[in-house]
1. Counting only residues that are more than 22 Å from ARG369 (Cα to Cα) and not in a loop (DSSP other than H, G, I, E, B), how many does the stretch 504-533 have?
2. Mind listing whichever residues of the stretch 127-141 are aliphatic (A, V, I, L, M) and free of Cβ contacts under 8 Å to residues at least 60 places away in the same chain?
3. So in the stretch 436-455, with the set limited to residues that are closer than 16 Å to ASP391 by Cβ and touching a Gly at 6+ places or on another chain (Cβ under 7 Å), which one is most open to solvent (accessible area, probe 1.4 Å)?
4. Could you count how many residues in the stretch 157-184 are open to solvent by 90 Å² or more (accessible area, probe 1.4 Å) and within 22 Å of ASN136 (Cα to Cα)?
5. Out of everything in the stretch 723-735 that is open to solvent by 60 Å² or more (accessible area, probe 1.4 Å) and within 16 Å of PHE659 (Cβ to Cβ), what residue ends up being modelled with the lowest pLDDT?
6. Scan (1) out of contact with any Pro (no Cβ under 7 Å at 6 or more places or on another chain); (2) hydrophobic (A, V, I, L, M, F, W, C); (3) part of a helix (DSSP H, G or I); (4) touching a residue at least 40 places away in the same chain (Cβ under 8 Å) for the single condition VAL208 breaks and write down its number.
7. Name the single residue that is modelled with the lowest pLDDT among those in the stretch 262-276 being in contact with a Lys or Arg (Cβ under 9 Å, 6 or more places away or on another chain) and not in a loop (DSSP other than H, G, I, E, B).
8. Against the definition (under 28 Å from ASP526 (Cα atoms), β-branched (Val, Ile, Thr), open to solvent by less than 10 Å² (accessible area, probe 1.4 Å) and part of a helix (DSSP H, G or I)), how does VAL355 come out, yes or no?
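The values are calculated or read from the model by the stated rules, or taken from the named source; none is laboratory data. This is a predicted model, so every value here is computed, not measured. All Cβ positions, even for glycine, are placed from backbone atoms using ideal geometry, and neighbour counts span all protein chains on display. Quick note on the areas: whole protein, heavy atoms, side chains included, nothing else; ligands and nucleic acids left out. Shrake-Rupley method; radii C 1.70, N 1.55, O 1.52, S 1.80 Å.
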Amino acid sequence: MRHATCIRGITSARTALGRFAISATVRVALAVVALTTILTYLIFVLQAAKAASETMLLIAIATTALTAAACGALAPLVRSNRRLRQEITRREGRIEALSDRLWELREAEERTKGLLEAQGDVIVRRGGDGRIAYVNDAFCALAGHSRDSLIGKTYTLTVLEQGATSVVADGTRAFDQKIATQDGPRWISWHEVSIRTDAASDQQTQSVGRDITDRVRAERVLAEARDQADAANRAKSRFLAIVSHEIRTPLNGILGLADLLRDTRLTPEQESYVKAVRASGDALFSLIEEILDFSKIEAGKLDLNIQPFALEALVESAVELLSPRAQAKAIDIASYIDDRLPRMVLGDATRLRQVLLNLAGNAVKFTERGGVTLIVEPGAASDEVIIQVRDTGIGIDPGARERIFSEFVQGDEGAARKFGGTGLGLAISKRIVDHMGGRLWLESVPGAGTSFTLSVTLPRAETANINYEVAVSAGSSALIIAADDIVAPLIARRLTRWGVETQVVSDPQQGLNEISKRHWETVIVDCNVGTANAIAIVQHCPAAIGRRIVLLTPQERSDLAKLTAAGFSDYLIKPVRAESLAARFGAQSPDRDPFLAVRDADTSHTTKSLAILVAEDNEINALLARALLARLGHAPTIVGGGEEAVAAFRAARDAGRAFDLILMDVQMPGVDGLAAARRIRALESTSECKPTRIVALTANVSVEDRETCLAAGMNGFLTKPLDRERLIEALNLVPKSAIAA
């Protein structure tokens with residue numbers, strides 16, 4: 001269209017210039033004739049003036065005047081002719097410019113056509129009646145026909161498969177088609193749009209197609225590879241579940257029977273052997289847990305369970321779990337939780353506890369002198385919590401810090417490495433923290449220790465902001481005498497926040513000097529200064545010091561009677577809980593958190609033994625369950641399968657001696673635990689008896705396994721190896737009405 005416009009412009013310009021040229025020629029010719037006539041007439045007049053009469057002279061003068069007027073009229077013709085020449089020159093320039101533009105458009109058209117052909121896109125344009133108005137070479141090659149044989153025809157390609165059609169915002173229709181060609185089937189991605197031509201009534205449809213056969217093939221290959229990977233992933237998950245179950249089942253017997261054996265009378269040599277068995281079993285159990293956690297993360301099955309929990313209780317329980325390992329190495333471990341943090345927060349307590357145990361456990365493992373501290377403080381952002389795990393251990397070399405969070409990497413590497421482990425703990429912790437939306441980083445000085453810092457968002461779960469209300473009188477003071485710089489500074493920091501003037505000294509003699517210099521309301525002495533020194537210090541305390549507190553490890557409990565007789569009025573067991581410290585200063589403690597239920601469970605939890613049905617097909621695990629329950633004062637009934645469990649439940653109910661609790665192994669031959677639980681629930685639905693609490697016993701620990709057990713009608717979940725404290729917790733959850741019956 002643009003080319004036609006240019007051509008029309010050039011033609012009209014040439015026609016106008018022709019008309020102008022003809023008009024100018026005629027005018028010039030007339031002017032020449034007129035001038036010749038005038039000159040001839042003037043000659044005649046001059047001759048007549050000499051010979052003619054007066055009358056003839058007048059006629060000549062009149063004729064001359066008319067001739068002069070004619071010459072005056074000729075001047076505009078000359079000027080007009082000049083303008084015409086100028087217009088001709090301008091029009092010729094315009095013609096030249098249009099010619100250049102026409103040449104540029106033709107060149108651009110050729111470039112565009114070459115570009116389109118080089119792209120390989122298939123282009124076809126059809127009129128409203130479906131006849132082809134234009135095709136490019138790519139369409140001709142695809143169709144296998146020449147352009148001349150296609151123009152004006154209603155030819156269509158053979159479609160083998162038709163994809164879904166979508167319409168974008170500008171009205172373009174997009175769809176995929178599988179087309180039959182001479183070279184085999186090809187996939188074409190079409191984009192169709194309606195266009196208008198010069199004729200206002202003629203509307204055409206232009207289709208542009210791109211060959212996507214290679215892409216479709218690649219997508220199908222990727223889809224097949226993905227399906228194979230998913231199948232391999234499922235197979236790996238099944239394999240890990242089977243291996244986990246098969247390892248946990250005998251491990252349950254090893255650890256459980258080792259605990260039972262340790263409770264019997266043993267010689268020192270036998271006791272050391274039992275401890276070694278228990279330690280080896282714990283190490284194997286930790287390895288299994290790490291491998292399973294890592295496989296879950298790799299499979300993308302790491303789910304967070306956001307629930308309210310007590311942050312302080314979680315941190316202190318993690319420290320207490322690690323304290324036996326720390327105290328066995330003669331190092332200290334302590335925690336400090338800032339009072340400005342809310343008591344209850346929202347988050348995944350289990351995963352956060354796992355991260356803290358990994359970080360603090362590594363700190364204990366790599367520390368030989370000094371100790372480990374966990375410090376929890378509010379961050380700069382809203383609801384941000386900063387947790388630091390500091391140790392005074394071997395530190396991490398700068399070269400190892402970049403890869404310390406990678407899988408199977410340890411700071412202590414090489415054939416002669418001193419510390420064991422898989423190198424998965426930090427990798428798992430980093431991925432858990434990332435999944436929580438937090439950050440985990442480290443700072444370390446080789447030979448001087450390492451500090452891991454965790455930043456995570458934990459929104460407040462309640463309005464209460466202060467953990468304890470400690471009523472401290474004005475001028476309260478406390479002197480802490482301790483040989484370490486781990487526990488004492490954290491106790492001093494907390495007391496200072498409560499308004500207690502606090503001083504820490506590390507030398508017993510300096511402590512005696514401070515006692516003699518001024519009055520102290522409280523004196524706290526850590527037994528790490530030596531039992532004899534602690535007794536000497538308390539004996540030099542004046543009677544005016546009301547609180548004389550000694551710090552002990554659980555292993556030093558045997559010295560408590562001697563220390564109390566020497567003058568100590570109270571004691572604290574390390575690691576020191578904030579609640580216990582607050583109680584010594586007259587604090588009003590909040591309600592106990594359910595997170596502490598396992599730790600604080602009382603073995604004498606009932607006044608009546610429970611009738612418990614245990615369905616377990618493994619003889620060793622059945623023996624362990626019987627021994628544990630009998631030692632806790634209960635009457636277990638052991639059956640070896642699901643069918644026997646249902647029969648025992650029915651017989652006990654019919655005899656009027658219904659079971660208070662059922663411990664049901666999930667994987668059993670014949671009728672498994674899930675089917676047995678469903679049958680028991682079906683029997684209960686047909687009678688008026690209250691539902692019996694059913695707790696699953698299984699080595700499978702995934703979230704799906706838990707949900708399956710709950711869906712089958714079970715009320716709880718105990719994983720193998722069976723832990724005594726968790727078993728006690730499950731027994732505590734038996735309804736009081738069942739116990740009192």
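1. The number of residues fulfilling the criteria is 13.
2. ILE132, VAL135, ALA138, ALA141
3. Ranking the qualifying residues of the stretch 436-455, first place goes to VAL445.
4. 2
5. If we take residues in the stretch 723-735 being open to solvent by 60 Å² or more (accessible area, probe 1.4 Å) and within 16 Å of PHE659 (Cβ to Cβ), then PRO735 is modelled with the lowest pLDDT.
6. Against the list (1) out of contact with any Pro (no Cβ under 7 Å at 6 or more places or on another chain); (2) hydrophobic (A, V, I, L, M, F, W, C); (3) part of a helix (DSSP H, G or I); (4) touching a residue at least 40 places away in the same chain (Cβ under 8 Å), VAL208 comes up short only on (3).
7. By that ranking, first place goes to LYS275.
8. It is false that VAL355 is under 28 Å from ASP526 (Cα atoms), β-branched (Val, Ile, Thr), open to solvent by less than 10 Å² (accessible area, probe 1.4 Å) and part of a helix (DSSP H, G or I).
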